[in-house]
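Structure, as structure tokens:
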Amino acid sequence: MKRELYGATHDDFRRSFRRFVEIEIAPNHEKWEQSGRVDREMFRKAGEYGFLGMAVPEEYGGLGQDDFRFNAIIGEELQRAGVIGSGMCLTLHNDVVLPYLLGATDEQQRKRWLPGMVTGEIMGAISMTEPGAGSDLAALQTSAERDGDHYILNGAKTFVTNGLNANLYVVAVRTDRTERHRGISLIAVDDSTPGFSRGRHLDKIGLRSQDTAELFFDNARVPAANLIGGEGRGFGILMDNLAQERLGLSVSAISAAGSALRWTVSYCAEREAFGQRVLDMQNTRFTLAELAARVDVAQVFVDHLITLHGRNELTAVDAAKAKLITTELQQAVVAQCLQLHGGYGFMREYPIARAYLDAPIQSIFGGTNEIMREIVGRTLEQTYREER
């Protein structure tokens, strides 16, 4: 399908990043899958080549390219190459963490953190989920009590992407126990903070090269100057930024579905059974035709939302719709494509097998798809009443 989302500058950026993936990521992907984390040197090289913090203004060392289409290209190319686990440190850094440090920080904080976010000296992570609080962020218990010029943090976080490799964490904490949503604040925690420690390197079924860890705060003493956006504003800031995070997940999901289709068409064109190519069997063609049509339709919707996001018109509801339909489509496409690979689809040496293991988390992180249905469902009556 011909897409009209990108221009010549984006095409040049895509070629450069595709080459970076071919040289720096793909040859190391299997090694990093085995070790469970990527080499930080790759991350620093990404900064050197201009693939980190593209939206950061030039005065802080960035390119000043506040254009989410560059972020989308990175997500698409990682899925195209089948190395999303090894490249997720880049997408999380750019799509998820950076907006907090761009939009909710003061001038002194931006000077401290943004240059390193661009060069790769700083790898960012965001820490929201707790052992007892996942999608229900208002239930989080990690506390931050003011003590002079510092906050004292106590609690635990889990499922932290970039948890092992990151050195700056945006942490959601409770600064007021008498409030739910309005009691939540955001504090940036450096990994050298006394009382901060990393816990287990979590053993996942998929995205194995993307490091995921637990974090612990035991009377961790953090400068009050690291408070982001003011006390009690954390939940609102999180809600403001989750739409872009979910759009990024949608880009990744629809790209993963398209890649699975491409691998499967190539496999079926080469594989023979009963004296003919598998691709020439009607059942195969019908299955792939339906999947291709569904992927193209979803791609049009995602591209439209990227355009709206560029105009600051992306809504939380539309982002939730996109995340819901694309992540579930990804799982459906990958599962049927694995079936068409037959026994070889069960072998990890084939990208479809790894894609099958990587896919389920897409409908969980960034807010479970049950939450996405709730977000959309709450608006239905008003939306359709207005349209009558």
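The values are calculated or read from the model by the stated rules, or taken from the named source; none is laboratory data. Quantities reported herein were computed from a predicted structural model and do not represent experimental measurements. Note that each Cβ is placed from the backbone with ideal geometry, even for glycine, and that neighbours are counted across all protein chains shown.
Residues being surrounded by 23 or more Cβ atoms within 10 Å (Cβ to Cβ) and not aliphatic (A, V, I, L, M): count how many of those fall in region 148-168.
5
Looking at (1) under 21 Å from Leu238 (Cα atoms); (2) of a type in the set (Asp, Glu); (3) outside the structural domain of Ser185 (by TED's automatic domain parsing), which is the one condition that is false for Glu58?
(1)
Thr178 passes all but one of (1) at pLDDT below 95; (2) part of a strand (DSSP E or B); which number fails?
(2)
Within region 331-388, take every residue that is aromatic (Phe, Trp, Tyr) and buried (at least 16 other Cβ atoms within 10 Å of the Cβ) and give me the one that is nearest to Thr212 (Cα to Cα). Explain how you work it out, then say what you get.
So in region 331-388, the residues aromatic (Phe, Trp, Tyr) come out as 344, 346, 350, 356, 365, 384.
Of the ones still in play, those that are also buried (at least 16 other Cβ atoms within 10 Å of the Cβ) are 350, 356, 365.
Values: Tyr350: 24, Tyr356: 19, Phe365: 12 Å.
My answer is Phe365.
Return the only residue of Thr212, Thr264 being hydroxyl-bearing (Ser, Thr, Tyr) and more than 22 Å from the chain's Cα centre (by Cα). Give the derivation first.
Values: Thr212 fails: more than 22 Å from the chain's Cα centre (by Cα).
Just a single option satisfies the conditions, and that option is Thr264.
Report, ordered by the first and then the second residue, all pairs with beta carbons closer than 6 Å, sequence separation of six or more or different chains, a first member in region 156-184 that is farther than 12 Å from Ala133 by Cβ, and a second member that is aromatic (Phe, Trp, Tyr).
Taking only residues 6 or more apart or on different chains, the pairs are Val170/Tyr100; His181/Phe235.
Tell me the residue from Glu328, Glu245 that is among the acidic types (Asp, Glu), crowded, with 20+ Cβ neighbours inside 10 Å and either in contact with a helix residue (DSSP H, G or I) (Cβ under 8 Å, 6 or more places away or on another chain) or more than 30 Å from Val170 (Cβ to Cβ) (or both), please. Before the answer, list the steps.
On the way: Glu328 fails: crowded, with 20+ Cβ neighbours inside 10 Å.
Every option except Glu245 fails the conditions.
Can you name the residue in region 219-235 that is assigned to a helix (DSSP H, G or I) and either under 25 Å from Cys89 (Cα atoms) or assigned by TED's automatic domain parsing to the domain that holds Ala26 (or both) and, of all such residues, is modelled with the highest pLDDT? Quick ask: steps written out before the conclusion?
Step one: filter region 219-235 for residues assigned to a helix (DSSP H, G or I), giving 224-226, 234-235.
Within this subset, residues satisfying the condition of being either under 25 Å from Cys89 (Cα atoms) or assigned by TED's automatic domain parsing to the domain that holds Ala26 (or both) are 226, 234-235.
Details: Asn226: 98, Gly234: 95, Phe235: 94.
The extreme case among them is Asn226.
His93 versus (1) crowded, with 16+ Cβ neighbours inside 10 Å; (2) farther than 27 Å from Trp32 by Cβ: which is the lone unmet condition?
Among (1) crowded, with 16+ Cβ neighbours inside 10 Å; (2) farther than 27 Å from Trp32 by Cβ, His93 violates only (2).
Out of all the residues in region 2-25, which are surrounded by 14 or more Cβ atoms within 10 Å (Cβ to Cβ) and assigned to a loop (DSSP other than H, G, I, E, B)?
Result: Leu5, Tyr6.
Can you report the number of residues in region 1-20 which are within 18 Å of Leu90 (Cβ to Cβ) and in contact with a Lys or Arg (Cβ under 8 Å, 6 or more places away or on another chain)?
Looking only at that region, the number is 3.
Which condition number does Asn226 fail, the rest of (1) without any contact (Cβ under 8 Å) to a residue 12 or more places away in the chain; (2) surrounded by 21 or more Cβ atoms within 10 Å (Cβ to Cβ) being met?
For Asn226, the exception is condition (1).
Among the residues of region 112-139, write down those that are β-branched (Val, Ile, Thr), crowded, with 18+ Cβ neighbours inside 10 Å and at pLDDT 95 or above. Even if it seems obvious, please write down each step before you answer.
In the first step, residues of region 112-139 are kept if they are β-branched (Val, Ile, Thr); the result is 118-119, 122, 126, 129.
The next check asks that each one be crowded, with 18+ Cβ neighbours inside 10 Å; those that pass are 118, 122, 126, 129.
Result: Val118, Ile122, Ile126.
Every residue in region 215-268 that is among the small types (Gly, Ala, Ser) and touching a Ser or Thr at 6+ places or on another chain (Cβ under 8 Å), please. Give the steps one after another, and end with the answer.
Of region 215-268, the ones among the small types (Gly, Ala, Ser) are 220, 224-225, 229-230, 232, 234, 236, 243, 248, 250, 252-253, 255-260, 266.
Correct list: Ala220, Gly229, Gly230, Gly232, Gly234, Ala243, Gly248, Ser250, Ser252, Ala253, Ala257.
Please state which one of Gly61, Gly50, Gly36 is in contact with a Leu (Cβ under 9 Å, 6 or more places away or on another chain), of a type outside the set (D, E, K, R) and closer than 28 Å to Ile205 by Cβ. Working first, answer last.
Details: Gly61 fails: closer than 28 Å to Ile205 by Cβ; Gly50 fails: closer than 28 Å to Ile205 by Cβ.
On inspection, the qualifying residue turns out to be Gly36.
Residue-by-condition table, conditions (1) within 22 Å of Val96 (Cβ to Cβ); (2) part of a strand (DSSP E or B); (3) among the aliphatic types (A, V, I, L, M); (4) under 24 Å from the mean Cα position of the chain (by Cα):
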position	(1), (2), (3), (4)
Ser135	yes, no, no, yes
Tyr151	no, yes, no, no
Thr158	yes, yes, no, yes
Gly163	yes, no, no, yes
Val171	yes, yes, yes, yes
Thr193	yes, no, no, no
Arg208	yes, no, no, yes
Phe217	yes, yes, no, no
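Is at least one residue of region 303-318 closer than 30 Å to His10 by Cα, hydrophobic (A, V, I, L, M, F, W, C) and free of Cβ contacts under 8 Å to residues at least 40 places away in the same chain?
At the first step, the residues of region 303-318 found to be closer than 30 Å to His10 by Cα are 303-318.
Still in the list and also hydrophobic (A, V, I, L, M, F, W, C): 305-306, 308, 314, 316-317.
Remaining after also requiring free of Cβ contacts under 8 Å to residues at least 40 places away in the same chain: 308.
For region 303-318, residues closer than 30 Å to His10 by Cα, hydrophobic (A, V, I, L, M, F, W, C) and free of Cβ contacts under 8 Å to residues at least 40 places away in the same chain: present.
Asn283 versus (1) closer than 30 Å to Tyr350 by Cβ; (2) surrounded by 15 or more Cβ atoms within 10 Å (Cβ to Cβ); (3) among the polar types (S, T, N, Q): which is the lone unmet condition?
(2)
Can you tell me which residue among Thr287, Thr315 is modelled with pLDDT of 95 or more, of a type in the set (Ser, Thr, Tyr) and within 23 Å of Ala353 (Cα to Cα)?
Numbers: Thr315 fails: within 23 Å of Ala353 (Cα to Cα).
Matching residue, one of Thr287, Thr315: Thr287.
Of the conditions (1) touching a residue at least 60 places away in the same chain (Cβ under 8 Å); (2) more than 16 Å from Gly229 (Cα to Cα); (3) not assigned by TED's automatic domain parsing to the domain that holds Gly82, Ala188 clears all except one; give me its number.
It is condition (2) that Ala188 fails.
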